[in-house]
Amino acid sequence: MGQINMELMRSDAPIGVFDSGVGGLTVVREIMRQIPNEKIIYFGDTARVPYGSKSQETVTRFSEQIVRFLRTFQVKTIVVACNTASAYALETLEKNIDIPIIGVVKPGAKAAAEVTRNKKIGVIATEATIGSKIYSQYIHQLSSDVEIYGKACPLFVPLVEEGLLQDPVTDEIARRYLAELIDIDIDTLILGCTHYPLIRSTLQRIMGENVTLVNPAYETALELKRLLGSMKMLNEETPGLGSDRYRFYVSDKADKFVHFANSIIKYGILSAKTVQIEKY
Ligand code: DGL
């Protein structure tokens, strides 16, 4: 990480969170649960989703624009709530920033390494995340004798973005994607894309009860809490329920986003604003 400038950070400042679309809301949901005093500014790049089939250069450029946008709110830290952006862009973002920034991959890898008993871990994610082998790298740093099997599941993101969370089509596609992981007999499956926890019950049913699903969103919120605590940057005051507690921005289709967000977050999101993110 670049040099952290504590003067830029105030404990009552918001946390910036971003994803390519709605998937990062699974991380927001965990942050709301685990550190409810924190204010959040969320950006979902709904005009340019999916990131998972794009190049590293493009995902890095998009991520840099979003970080510049989030910093206009004087955020005290940024959470890259997207595995693809964490895999492709986090290293570059870290070098050029003077506030803490964390991704979702490291916390998820750590949890999976702790959970596995038979040392066979499956990772499902976008083509980009699987191709980067980033989960294998982190897991092997912690435990070198674990076997890791990656499977790209590119159709899951559009299915989730279309709201087909409980649907026979999603079921059929999940069966096809997961068949080889079932054959290999993994005992732990990392949901390596922030969209996937939204189809968790389907994935668990198909994998069977003996396979533990790891949701990096949960671990990331925990890591964020630890990080802010260690820097004495947790918000001690409970913010009012006013409109600036949680704010949502997207690059397209704000209404569709609000509808979706309300189906997964209990908070009651009234609006999201559209931003021309290319300007940043
Ligand atoms: N939710 C994102 C992730 O965690 C990516 C989905 C996409 O844009 O392809 O990887």
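The values are calculated or read from the model by the stated rules, or taken from the named source; none is laboratory data. A quick note: this is a predicted structure, and the numbers were derived from the prediction, not measured. Counting neighbours? That spans all protein chains shown, and the Cβs are built from the backbone with ideal geometry, glycine included. Please note that ligands, DNA and RNA were not included when accessible areas were found on the heavy atoms of the full protein model with its side chains. Shrake-Rupley method; radii C 1.70, N 1.55, O 1.52, S 1.80 Å.
Could you tell me whether Glu278 is within 14 Å of Asp45 (Cβ to Cβ) and assigned to a helix (DSSP H, G or I)?
On the way: within 14 Å of Asp45 (Cβ to Cβ): yes; assigned to a helix (DSSP H, G or I): yes.
For Glu278, the condition - within 14 Å of Asp45 (Cβ to Cβ) and assigned to a helix (DSSP H, G or I) - is met.
Considering only residues of the stretch 1-45 that are of a type in the set (Asp, Glu) and within 16 Å of the ligand (Cβ to nearest atom), which is surrounded by the most Cβ atoms within 10 Å (Cβ to Cβ)?
Asp19
Mind checking which pairs have a first residue in the stretch 1-20 that is touching a residue at least 24 places away in the same chain (Cβ under 8 Å) and more than 19 Å from Ile41 (Cβ to Cβ) and a second that is surrounded by fewer than 24 Cβ atoms within 10 Å (Cβ to Cβ) and among the hydrophobic types (A, V, I, L, M, F, W, C), Cβ under 6 Å, 6 or more apart or different chains?
Pairs found: Gly2/Ile97.
Search the stretch 157-177 for residues being in a helix (DSSP H, G or I) and open to solvent by 40 Å² or more (accessible area, probe 1.4 Å), and hand back the single one that is farthest from the ligand (Cβ to nearest atom). So that I can check it myself, show each step before the final result.
Within the stretch 157-177, the subset in a helix (DSSP H, G or I) is 157-161, 168-177.
Restricting the remaining residues to those that are open to solvent by 40 Å² or more (accessible area, probe 1.4 Å) gives 158, 168-169, 172, 175-176.
On the way: Pro158: 9, Pro168: 23, Val169: 18, Glu172: 20, Arg175: 21, Arg176: 19 Å.
This residue is Pro168.
Condition check ((1) near the ligand (Cβ under 9 Å from one of its atoms); (2) among the aromatic types (Phe, Trp, Tyr); (3) buried (at least 23 other Cβ atoms within 10 Å of the Cβ)) across all residues:
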position	(1), (2), (3)
Ala47	no, no, no
Gln56	no, no, no
Ile66	no, no, yes
Thr72	no, no, no
Ala81	yes, no, yes
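Please list, ordered by first then second residue, the pairs with beta carbon atoms under 8 Å, 6 or more apart or interchain, first in the stretch 243-267 and small (Gly, Ala, Ser), second open to solvent by 70 Å² or more (accessible area, probe 1.4 Å) and at pLDDT below 95.
That search, which allows pairs on different chains as well, returns Ser243/Leu270; Ala254/Ser271.
What do you reckon, is Asp145 open to solvent by 20 Å² or more (accessible area, probe 1.4 Å), part of a loop (DSSP other than H, G, I, E, B), more than 17 Å from Ser86 (Cβ to Cβ) and touching a residue at least 12 places away in the same chain (Cβ under 8 Å)? Spell out how you get there, then give the answer.
Working: open to solvent by 20 Å² or more (accessible area, probe 1.4 Å): yes; part of a loop (DSSP other than H, G, I, E, B): yes; more than 17 Å from Ser86 (Cβ to Cβ): yes; touching a residue at least 12 places away in the same chain (Cβ under 8 Å): yes.
So Asp145 fits the description; yes.
Within the stretch 178-193, track down each residue that is open to solvent by 30 Å² or more (accessible area, probe 1.4 Å) and touching a residue at least 12 places away in the same chain (Cβ under 8 Å).
Glu180, Ile182, Ile184, Asp185
Can you tell me which residue in the stretch 194-210 is nearest to the ligand (Cβ to nearest atom), limited to those that are among the hydrophobic types (A, V, I, L, M, F, W, C) and open to solvent by 10 Å² or more (accessible area, probe 1.4 Å)? Break it down into steps so the answer makes sense when it comes.
Initially, the stretch 194-210 is screened for residues among the hydrophobic types (A, V, I, L, M, F, W, C), giving 198-199, 203, 206-207.
Keeping just the survivors that are open to solvent by 10 Å² or more (accessible area, probe 1.4 Å) gives 198, 206-207.
On the way: Leu198: 10, Ile206: 20, Met207: 19 Å.
Ranking the qualifying residues of the stretch 194-210, first place goes to Leu198.
Among (1) in contact with a helix residue (DSSP H, G or I) (Cβ under 9 Å, 6 or more places away or on another chain); (2) modelled with pLDDT of 95 or more, where does His195 come up short?
(2)
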